[in-house]
Amino acid sequence: MSKSNQIKAIRGMNDILPGDTDLWLRVEAICADLFDRYGYHQIRTPIVESTQLFARSIGADTDVVAKEMYTFDDRNGDSLTLRPEGTASCVRAGIENGLFYNQQQRLWYVGAMFRHERPQKGRYRQFSQLGAECYGWTSPDIEAELLGLVGQLFAALGLQETDLQLNSLGDTNARLNFKTDLVAYLQDYKDMLDEDSLRRLESNPLRILDSKNAAVQDVLLEAPIILDYLSDQSRDHFEALQGYLSKLDIGFQVNPRLVRGLDYYNDTVFEWVNRDFGAQATVCAGGRYDGMVEQLGGPPTPCFGFAMGLERLIQILQEQAAAISNIEGKLNVFVISVGELAREQALLIQRDLVAAGISVQLHCGAGSMKNQFKKADKSGAKVALIIGEQEAIDNKVAIKPLVRTDKLIEQKLIVQNEVFNAVTNLLESL
């Protein structure tokens, strides 16, 4: 087939190839284990949801809903959307299945999300998002717990140069009063705002604080600060959280310009930012969103959560050469066999060793002993088992190391019912 006839992946939707999936699996396993130890339970939600779910929860005027969602009508004429984030789906599932009635929930999820953005380093149109959501707590200790979990996760992964930034958006009155003063301030500088900021000035002025335009950031230097508008309750809450984080030895910086790109946040918001990753430096972000459950038809329920993109996290780990990204081969044994009887015995040996917890790869099909040894050397396996035609007749197998050691370990012949003990002992000595 000519290259012109090849069907390629959609722009911004990438394959994760076998050379990388081992790292992905290790990262996901560490995350799952840590969530389990903190008492969080996994939830799995559909990739496709009603478009109204995101319009009502995220906000119709946000960039995500207005510009970035993959939305289509199904055969019944219903408007459906590939989920652009995980929080709204968790809330919908919790309401629909009665998880929030007189209950507290610690949930986590991982899965594919979709946004029609310009693909760039660490940001793709299909991406894997991992997140956690806590339902039923108003107190700041649940926030400290979840931020502590993230800190432990980064330590377990070996992630470096990543700092926590905090802010508080206060309650509804604080945000309304701040927004009024912010708009009044920015009206005097309209000729210095870019197109995006001018649009947001009418629809979502708080998002201007997150502008990446240097000229806009210069305008904001003298702008009002939302921390000056907090109620006593919000201020006490924010100060208590900072106290908990200090007790946990979690460093942080209060960033009064920090806002999130979604409309549903109140009070605490945060981002973990990596110093080495350029413009797309946010590794993990989230905050409190106490109004969403009730807004979507459920009971009043306080909520706090975070999300992180795994593509960006894994790319940073690779660039920092974190220990977890230096993956050693997991294959223990490669079985070489010549002749039909030897291949039958090789299958039985593989079955029994795998059942005992040892990873085993066979050479399947015909092939000379020399070519099979070449494949064994390339496989990354630590031990080779060799069954030639005579070994098969004698019900024996040769065993030899495939990795160099300080000790001289020679190939030796054993009976097949001793393979497990021989392999185990040899692996321990390598």
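Readers should treat all values here as calculations from the given coordinates under stated rules, not as data from a laboratory. A quick note: this is a predicted structure, and the numbers were derived from the prediction, not measured. Please note: Cβ atoms are built from the backbone with ideal geometry, for glycine as well, and neighbour counts cover all protein chains shown.
Where does the Debye-calculated log10 I(q)/I(0) of the range 333-429 sit at q = 0.14, 0.15, 0.23 Å⁻¹, using only Cα point scatterers of equal weight, no solvent? With no solvent term, the Cα-only Debye profile gives -0.44, -0.51, -1.28. For the chain, modelled as a GNM whose springs connect Cα atoms under 10 angstrom apart, the maximal fluctuation among GLN152, GLN345, GLN126 occurs at GLN345.
Near SER368: Cβ cut-off under 12 Å, other residues only, Lys/Arg at +1 and Asp/Glu at -1. The net charge is +3. Ordering ILE208, VAL183, ALA384 by Cα displacement along the dipole of the chain toward the positive end leaves ALA384 in first place; charges were set at the Cβ atoms of Lys, Arg (+1) and Asp, Glu (-1). What separates the Cα centres of the range 47-78 and the range 82-160 is a distance of 19 Å. Farthest towards the positive end of the charge dipole of the range 333-429, among the residues ALA346, ILE409, VAL397, is the Cα of ILE409, using unit charges on the Cβ of Lys, Arg, Asp and Glu. Relative to the Cα centre, the charge distribution of the range 206-296, modelled as +1 at Lys and Arg Cβ and -1 at Asp and Glu Cβ, gives a dipole magnitude of about 280 debye. Rounded to the nearest 20 debye, the dipole size of the range 50-175 about its Cα centre is 400 debye, using +1 on the Cβ of Lys and Arg and -1 on the Cβ of Asp and Glu.
Among CYS90, CYS364, CYS284, the residue with the largest mean-square fluctuation in a Gaussian network model of the chain, with springs joining Cα atoms closer than 10 Å, is CYS364.
Normalised by 2.2 N^0.38 Å, where N counts its residues, the alpha-carbon radius of gyration of the chain equals 1.26. Model label sites at GLN242 and ARG44, defined 7 Å from Cα along the beta-carbon direction, differ in position by 4.3 nm. Per-residue Cβ neighbour counts within 10 Å put ILE358, ILE10 in the sequence ILE10, ILE358, beginning with the fewest. Roughly what % of DSSP beta bridges within the range 307-430 run antiparallel, to the nearest 5? The answer is about 50 percent antiparallel. Mean residue ellipticity at 222 nm, helices only, the chain: -11500 deg cm²/dmol; runs of at least 4 DSSP H residues each add -39,500 (n - 2.57), and the sum is divided by the number of residues. Karplus-based coupling profile of the range 370-381, in residue order and whole Hz: 4, 5, 5, 5, 4, 5, 4, 5, 6, 5, x, 5, with θ = phi - 60° in 6.51 cos²θ - 1.76 cosθ + 1.60 and x standing for Gly or Pro. Under 5 Å from the amide H of CYS284 lie the amide H atoms of TRP272, each residue being 5 or more positions distant or on a separate chain, with H modelled from the backbone and absent for Pro and chain starts.
For the chain, a simple Cβ point-charge model (Lys and Arg +1, Asp and Glu -1, everything else neutral) yields a dipole of about 1660 debye relative to the Cα centre. Cross-linked pairs LYS330/LYS412; LYS67/LYS247; LYS67/LYS190; LYS121/LYS330; LYS179/LYS247; LYS8/LYS370: Cα-Cα separations exceed 32 Å for LYS67/LYS247; LYS179/LYS247; LYS8/LYS370.
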